[in-house]
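Written below as structure tokens is the structure these notes are about.
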Amino acid sequence: MTRVLSDQRFLTIRSLVVELSAALDRVERHAAEESVHLDSDRRWRLLAEAVARLAAGPGRVDAAQELFSDAYDPAWRRTGGPELSGSPGCCGR
Amino acid sequence: MNYVDPHIHMVSRVTDDYEALARMGCVAVSEPAFWAGFDRRSADGFRDYFRQITEVEPRRAAGYGIAHYSWLCINAKEAEDVKLAREVIAAIPEFLSAPNVLGIGEIGLNKNTRNEATVFLEQVELAVRYDETILIHTPHLADKLRGTRMILDMLADFPALDRGRVVIDHVEEHTIRPALDAGYWAGMTLYPVTKCSPERACDLVERYGTERLLVNSAGDWGPSRPAAVPDFIVAMRARGHSEEQIERVVLTNPLELFSRCRRYVPPPRIANPLLRTTS
């Protein structure tokens, strides 16, 4: 039973943190080699923000999922979204 | 442990996968109609596909003692062509009397477009008209949250719809609660990279309980693992969850959902006590 922080769970999380660290370093190293400015890439900024939120405590996964999601507008049928604009009455009942 | 994979695209899998599933305890699979990796050019192309999942796959599965069920629809991706979609929708009733058909699915949204929403609504209307259960695909990645909420908004326009006969599939941490709170079933898809992992699916069971929760592999032609449901079983056992609790999610729940289809016949390995295993 591996509830709380067992050795097995520690090693799994340790591996994930090391892999994540290596992946981020890898992207930065390759970007530097190819003179790519990562800060202008929205995806990189999202990753950086997600990583920063890891220290925020419980609720990390929900926060990460929200961060990586397009915004939902409850009035989408009336106002239209990016794909629905200009289509009044679409899907309406 | 006996289990069911309630969402897997066996048309994309080799026969060896049926054998592997049988060896792992799979007693039944259900196969929603989906995007085959290319756009089909005619309604007749879909008719052939519907024949495949109502006639051919059940025979292939039966060779390994697995019951095969299916769901019919035009998927969200090909629904962008509304004219073709309407031709396909008109053809679906030709196949609804096939004995393995559970209902309409996997309908839903892909990129959350107007055309997808139009075809989604027309297929919900079809399901209501024919008193069919419904399996709903929710979008991928950044589109998932918005698309799921849009789907729930549209379903709310059908007050007579029995929420207990509808599955909101591919839920993750940010979409599971609204699906369950509204009374729907929620499916967790275990994928190698996107969607859920077995460990995260266990987390969601611990957070939300076992009621109206399903796990599936959605195994298809892309990166996916037909053995994903057994992976979930192993992960749940490693955390000390009881066999009864695990079986509820991987066997009892999907069969309870399937039983809400009026054509449902239980899998032979469940219906016949002599064929049941207990390990």
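Bear in mind these aren't lab numbers, they're just calculated from the coordinates by the rules spelled out. Just so you know, these numbers come straight off a predicted model, no measurement behind them. Reconstructed Cβ throughout: ideal geometry from the backbone, glycine too, with neighbour counts over all protein chains shown.
Sort B:Ile134, B:Ile66, A:Ile13 so that the residue with the fewest other Cβ atoms within 10 Å of its own Cβ comes first and the one with the most comes last.
Working: B:Ile134 29, B:Ile66 24, A:Ile13 11.
Least crowded to most crowded, the residues run A:Ile13, B:Ile66, B:Ile134.
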Under the Karplus relation with 6.51, -1.76 and 1.60 and θ = phi - 60°, whole-Hz ³J(HN,Hα) for segment B:180-197, x at Gly and Pro, equal 5, 4, 7, x, 8, 6, 10, x, 10, 9, 9, 10, x, 10, 8, 6, 9, 9
Given the rule -39500 (n - 2.57) for each run of at least 4 DSSP H residues, summed and divided by the residues of chain B, what is its mean residue ellipticity at 222 nm, to the nearest 500 deg cm²/dmol? -10500 deg cm²/dmol
Counting only residues 5 or more places away or on other chains, whose amide H sits under 5 Å from the amide H of B:Gly108 once H atoms are built in the peptide plane? B:Ala76, B:His137
Please give the average number of partner chain Cβ atoms lying within 10 Å of the Cβ of each residue in B:114-122, rounded to a whole number. 3
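Counting other beta carbons within 10 Å of each residue's own, what order do B:Cys261, B:Cys73, B:Cys26, B:Cys196 fall into, fewest first?
Fewest-to-most Cβ neighbours within 10 Å comes out as B:Cys261, B:Cys196, B:Cys26, B:Cys73.
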Pick out which of B:Ala20, B:Ala218, B:Ala85 has the largest mean-square fluctuation in a Gaussian network model of chain B, springs linking Cα atoms closer than 10 Å. B:Ala20
Centre separation in Å (Cα based) which lies between segment B:198-251 and segment B:1-36: 15 Å
Top of B:His140, B:His68, B:His170 by mean-square fluctuation, Gaussian network on chain B, Cα under 10 Å: B:His140
Nonlocal amide H pairs with B:Leu102, under 5 Å, H built at 1.01 Å: B:Ser70, B:Trp71
Working note, the protein assembly as shown: Cα radius of gyration (Å, one decimal) and Dmax (Å, whole number) are 21.3, 68
Just to be sure I understand: with springs between alpha-carbon atoms less than 10 Å apart, which residue in B:Ala76, B:Ala160, B:Ala228 has the highest mean-square fluctuation in the Gaussian network model of chain B? B:Ala160
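Using only the Cα atoms of segment A:8-68, build the gyration tensor, take square roots of its eigenvalues as a ≥ b ≥ c, and label the shape rounded, prolate or oblate: rounded if a/c is under 1.5, else prolate if a/b is larger than b/c, else oblate.
Working: a/c = 3.48, a/b = 1.39, b/c = 2.51.
Taking the square roots of the gyration eigenvalues as a ≥ b ≥ c, segment A:8-68 is oblate.
Would you order B:Thr175, B:Thr194 from fewest to most other beta-carbon atoms within 10 Å of each residue's own beta-carbon? Could the numbers behind the result be given before it?
Values: B:Thr175 23, B:Thr194 15.
Lowest to highest Cβ neighbour count: B:Thr194, B:Thr175.
Note down the net charge around A:Tyr72, summing +1 for each Lys or Arg and -1 for each Asp or Glu among other residues with Cβ under 11 Å from its Cβ. Display every interim value, and only then the final one.
Values: positive: B:Lys144, B:Arg146, B:Arg149; negative: A:Glu66, A:Asp70, A:Asp73, B:Asp143, B:Asp153.
The answer is -2.
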In straight Cα distance, which lysines are under 29 Å from B:Lys195, not counting same-chain residues fewer than 8 positions off? B:Lys77, B:Lys111, B:Lys144
